[in-house]
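The values are calculated or read from the model by the stated rules, or taken from the named source; none is laboratory data. Not measured: the values here are computed from a predicted model. Ideal geometry is used to build each Cβ from the backbone, glycine not excepted, and the neighbour counts take in all protein chains shown.
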Amino acid sequence: MTRRSRMAQERQARMELILASAEKLFVEKGYTGTSINDIAAEADFSRTSIYQYFSSKEEMYLHIMEKYTDPLTERLKKATEDAPTVPDKIRAFLDELRKMKREKSNFFELYFIQRHQVEPRLPDELRTQLNEKRRRLENVFREFYREGAEKGEVRALRFKDASNLFFAQIMGMMLLHEYYGSEFDVSLDEHLDMSLQLYLEFVEKVDGQQERLRAGAGAA
């Protein structure tokens, strides 16, 4: 190993340690409640040395989100690509979100609960990067819904509206359980099953024109 490659590895290791410390504190104390000094102390760095690797808390947050959103987007693509119909794809999509929530609970805390604390503080460039990551994830859903609507499998909504309704219903239920879970007499999974069923009942009620198109395709 060359000296340059060894230095690069050491720098990467330090960056990962700082990010792990920031992620831990963001979850425990909240993004707004965590200072650069807190992160430096957790990582056993000086405040000055932290700035050799990251310019701000906002940059750290974006790096943490990248660590989660890129793999999740790929997992969602893979989970839905072999499902035969759009309703099946929607079920697979939700199943993968559930798995990710169980496996990477920090991601849901930081992305769905704390993101709205962070986003107003981001400079334009970092906000654009974060929104690009969000759109890539949402576009997995939007693309297969668009194709399904064209085939008459689901209601002919604008695919952005179909996506927004899904995320609002599913993520809203997850947030309710984060804040008020102890007050509910059913589990989060049971509530998600109910939410999914209601969503599917709505989007599978295709209009008359779609019914005719589907019937025509079957006759052909």
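Computed quantities for the displayed model
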{"quantity": "Leading residue by the ranking (farthest from the chain's Cα centre (by Cα)) among those in region 170-189 that are under 20 Å from residue 100 (Cα atoms), without any contact (Cβ under 8 Å) to a residue 24 or more places away in the chain and assigned to a helix (DSSP H, G or I)", "calculated": "181"}
{"quantity": "Any hit, region 92-110, residues being at pLDDT 95 or above, of a type in the set (A, V, I, L, M) and within 28 Å of residue 148 (Cα to Cα)", "calculated": "yes"}
{"quantity": "Filter result (part of a helix (DSSP H, G or I), farther than 19 Å from residue 73 by Cβ and among the polar types (S, T, N, Q)) within region 106-133", "calculated": "117"}
{"quantity": "Restricting region 10-32 to residues that are closer than 14 Å to residue 57 by Cβ and among the polar types (S, T, N, Q), the residue that is surrounded by the fewest Cβ atoms within 10 Å (Cβ to Cβ)", "calculated": "32"}
{"quantity": "Some residue of region 67-76 being more than 23 Å from residue 20 (Cα to Cα), touching a Ser or Thr at 6+ places or on another chain (Cβ under 9 Å) and crowded, with 19+ Cβ neighbours inside 10 Å", "calculated": "no"}
{"quantity": "Filter pass, residue 83 being free of Cβ contacts under 8 Å to residues at least 12 places away in the same chain, assigned by TED's automatic domain parsing to the domain that holds residue 138 and surrounded by 15 or more Cβ atoms within 10 Å (Cβ to Cβ)", "calculated": "yes"}
{"quantity": "Test: residue in region 147-169 that is in contact with an Asp or Glu (Cβ under 8 Å, 6 or more places away or on another chain), among the hydrophobic types (A, V, I, L, M, F, W, C) and not in a helix (DSSP H, G or I)", "calculated": "yes"}
{"quantity": "Boolean, residue 136 is assigned by TED's automatic domain parsing to the domain that holds residue 163 and over 29 Å from residue 187 (Cβ atoms)", "calculated": "yes"}
{"quantity": "Selection status of residue 201, loosely packed, with under 15 Cβ neighbours inside 10 Å, closer than 24 Å to residue 81 by Cα and assigned by TED's automatic domain parsing to the domain that holds residue 76", "calculated": "yes"}
{"quantity": "Only one of 136, 142, 102 that is in contact (Cβ under 8 Å) with a residue 60 or more places away in the chain and either on the phi > 0 side of the Ramachandran plot or part of a helix (DSSP H, G or I) (or both)", "calculated": "136"}
{"quantity": "Out of 101, 57, sole residue that is within 11 Å of the chain's Cα centre (by Cα) and among the basic types (Lys, Arg)", "calculated": "101"}
